[in-house]
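What follows is a short report on a single structure.
The values are calculated or read from the model by the stated rules, or taken from the named source; none is laboratory data. All values derive from a computational prediction rather than experimental measurement. Cβ placement follows ideal geometry from the backbone for every residue including glycine, while neighbour counts extend to all protein chains displayed.
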Amino acid sequence: MKSDRIKIEIQNLTMAYGSRVVMRDITARINQGSVFVIMGNSGSGKSTLLRHLIGLQCPAQGDVLYDGKSFWGMDDESRKVQLRKYGVLFQSGALWSSMTLAENVALPLIEYTDWSAVDRDDIVRLKLALVGLSGFEDYYPAEISGGMRKRAGLARAMALDPEILFFDEPSAGLDPITSQNLDKLILELRDSLGATIVVVTHELASIFMIADDSIFLDADTKTMRVQGNPNDLLQHSSDAKLRAFLTRGASLEAQ
Amino acid sequence: MRSAIVEKVDSTLSLVVEMQAPATLLIKLTGNVGGHNNPPSIGVVRDALDQATGVRLLSFESAGVTVWDSRFVAFIRKCADLCRKRNVELQGDGLPEGVRRLLRLAQAVPERTDARPKTVKTHILQKLGESAIQAMLGATELFRFLGENLAALANLLRGRTQFRWSDALLVMQECGPQALGIIAMINFLVGLILAFVGATELTRFGASIYVADLVGIASVREMACIMTGIILCGRTGAAFAAQLGTMKVNEEISALETFGISPVEFLVLPRMVALMLVMPFLCAFADLISIAGGFIVSVCMLDVSATEYLARTVQAIQLKSFLLGIGKGSFFGFLVAYSGCLRGIQSGYSAADVGKATTRAVVTGITAIIASDGIFAVLCHALQI
């Protein structure tokens, strides 16, 4: 379902906290139906970039375009409507702790659809089944494991059939097997839903497995280095920093 | 035999159910099954299965489907449920590829039937018994924590604790000087109210000068310390519970314990000592403000001169009343810190739990203040203080 249609375009984005610039001049194009990975070392501003993409933080300069439309140029109301087309999985799931898993998934449906309660329940059960949590509808987030919480967060992110799914560090805090299963799920969702997927991560195994395309953020020069498929970048890129990142520092030791 | 059994057409979606081969039911879908459209109703399929006899296979034809969403997948899942119940095989070959993949994904992990927590109906007597046991356990916990605190206080007096004065001073600043504004406002209003009530009653007997006695004694012995205690409970006790509760959620309290640092000595004791030391000063301040409130009402409304009122107030208030008031204040400070920290440390591990802990801290604190004040009143009466 990968197409050449550009879904998201990041244009000369500069991110700053107050007067402290985190990253400048980030430019990238993300194709519809692809998995796009934002990689970089800890503290390089990966999550900050994600916050700019999902409307939590306003860029200091530049813009983000969705389907060719300026995201930060919209008024607040239309931006809110636009945001319903995206789903976000936060680092530790960010489930609302006073609600059961079913209620967590149902909340966006209650707010933004006029479906009957029966239809809603069907969708909630379907979404939880998709992430392998059938039968856990009536559990509270505190009663399940971290990996399950993350999957439940994904079910919630998918509640409104989003066009784009954002993942913030999906493998953080998960064991290798659970983490790999989540990666497989990401690929499966890309293929079956045809959704565009943006992932922030520094987990190499995960990057090589899921990424169709990626950018590398460098904290020292405060800008992005290259865009491309990480497997190709590892083969062909001459950027020393990026090579060191992709080889866990082995390329530095070899010198 | 090729006749349509049911046909449902809406403006953008049509669903035709027809008997194909002798034992095969075919559902033909065309159009848009997503977005604002309602998905086909499962009743149509159920009726078709009811009407047809000897159906062994249900298959789909969806080449004409342009758009679909999750509700369509949910519809197919319901069809699958129906088929399972009736021993009919469901053939998904004719569905869009994405739908088939999602169906496979949804079935990949079988439903955990044992996972659902059972909601068992309990008898009212059983519930009563259970809550009694809970209350007992709660009370044990209450006294255990009290014991730990008293032991920690004793250790402090012997100079053998992990107590940090810098922490205590910080808490003192937060709950002392920074609370003066609200304490002044509330106590001023209480003094005003006391004087109003007294004035209307006492003037009828020509005894309006005794408003000074009423306001002075009531403020110094009871109202000032109770009001200050309650303000502190809402302001500082709640903050203690929220802070310690969040520390529990972040496992900061567990981290202290692994270093062998007692959370009671390190976290609770500074707060408790700070409140016990600050409260007498806050109470004395509240006494003054409350009397000022009464003074203003009396001088403005009644036929009482300022000097007369002040002289009467000085005469009415005995030293022991004043000491009783600030002594009680210090004790209330202990109660506020105790309930705030207890509920904070008892908190569970989620945002909702921290909210509950804060609520319980304030409820426990205010209840303890009022109840213990009642006991003090009886004791003072018996001891003629």
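Every residue, every condition in (1) at pLDDT 95 or above; (2) under 30 Å from B:Gly159 (Cβ atoms), yes or no:
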| site | (1), (2) |
| --- | --- |
| B:Ala238 | yes, no |
| B:Ala241 | yes, yes |
| B:Tyr309 | no, no |
| B:Gln315 | no, no |
Yes or no: B:Lys121 under 30 Å from A:Phe136 (Cβ atoms) and in a helix (DSSP H, G or I)?
no
Within the stretch A:224-255, restricting attention to residues that are modelled with pLDDT under 85 and in a strand (DSSP E or B), which residue is farthest from A:Ile30 (Cα to Cα)?
A:Arg225
Of (1) in contact (Cβ under 8 Å) with a residue 12 or more places away in the chain; (2) away from every other protein chain (no Cβ under 14 Å), B:Arg84 satisfies every one except (1)
Anything in the stretch A:110-126 that is in a helix (DSSP H, G or I) and either more than 17 Å from A:Leu160 (Cβ to Cβ) or more than 7 Å from chain B (Cβ to nearest Cβ) (or both)? List them, or say none.
A:Ile110, A:Glu111, A:Tyr112, A:Ala117, A:Val118, A:Arg120, A:Asp121, A:Val124, A:Arg125
Yes or no: A:Lys7 modelled with pLDDT of 85 or more and not aliphatic (A, V, I, L, M)?
yes
Out of all the residues in the stretch B:67-113, which are of a type in the set (Lys, Arg), assigned to a helix (DSSP H, G or I) and closer than 20 Å to A:Ala152 by Cβ?
B:Arg77
Which pairs have Cβ atoms under 8 Å, sit 6 or more apart or on different chains, and link a residue in the stretch A:82-101 that is within 18 Å of B:Thr246 (Cα to Cα) and within 13 Å of chain B (Cβ to nearest Cβ) to one that is assigned to a loop (DSSP other than H, G, I, E, B) and among the small types (Gly, Ala, Ser)?
A:Ser92/A:Ala172; A:Ser92/A:Gly173; A:Ser97/B:Ser350; A:Ser98/B:Ser350
Would it be correct to say that B:Gly329 is more than 14 Å from chain A (Cβ to nearest Cβ), in contact with a Pro (Cβ under 8 Å, 6 or more places away or on another chain) and surrounded by 16 or more Cβ atoms within 10 Å (Cβ to Cβ)?
yes
Of all residues in the stretch A:127-165, which are touching a residue at least 24 places away in the same chain (Cβ under 8 Å), more than 9 Å from chain B (Cβ to nearest Cβ), of a type outside the set (A, V, I, L, M) and closer than 23 Å to B:Ala352 by Cα?
A:Gly146, A:Gly147, A:Arg149, A:Lys150, A:Arg151, A:Gly153, A:Arg156
Inside the stretch A:36-90, the number of residues satisfying the requirement of being touching a Phe, Trp or Tyr at 6+ places or on another chain (Cβ under 9 Å) and of a type in the set (Asp, Glu) is 1
Across the stretch A:155-176, which residue is surrounded by the most Cβ atoms within 10 Å (Cβ to Cβ) among those that are among the aliphatic types (A, V, I, L, M) and under 15 Å from the mean Cα position of the chain (by Cα)?
A:Ala155
For A:Lys184: the one exception among (1) within 14 Å of another protein chain (Cβ to nearest Cβ); (2) more than 15 Å from the chain's Cα centre (by Cα); (3) farther than 23 Å from A:Thr48 by Cα:
(2)
Could you list, in sequence order, the residues of the stretch B:346-381 that are small (Gly, Ala, Ser), within 14 Å of chain A (Cβ to nearest Cβ) and surrounded by fewer than 20 Cβ atoms within 10 Å (Cβ to Cβ)?
B:Gly348, B:Ser350, B:Ala351, B:Ala352, B:Gly355
Could you tell me whether B:Gly138 is of a type outside the set (A, V, I, L, M, F, W, C), more than 10 Å from every other protein chain (Cβ to nearest Cβ) and either surrounded by fewer than 17 Cβ atoms within 10 Å (Cβ to Cβ) or farther than 29 Å from B:Thr364 by Cβ (or both)?
yes
Of all residues being in contact (Cβ under 8 Å) with a residue 24 or more places away in the chain and farther than 19 Å from A:Gly93 by Cβ in the stretch A:177-194, which is surrounded by the most Cβ atoms within 10 Å (Cβ to Cβ)? Just the residue, please.
A:Leu193
Count, please, the residues in the stretch B:139-170 that happen to be modelled with pLDDT of 90 or more and outside any helix (DSSP H, G or I).
0
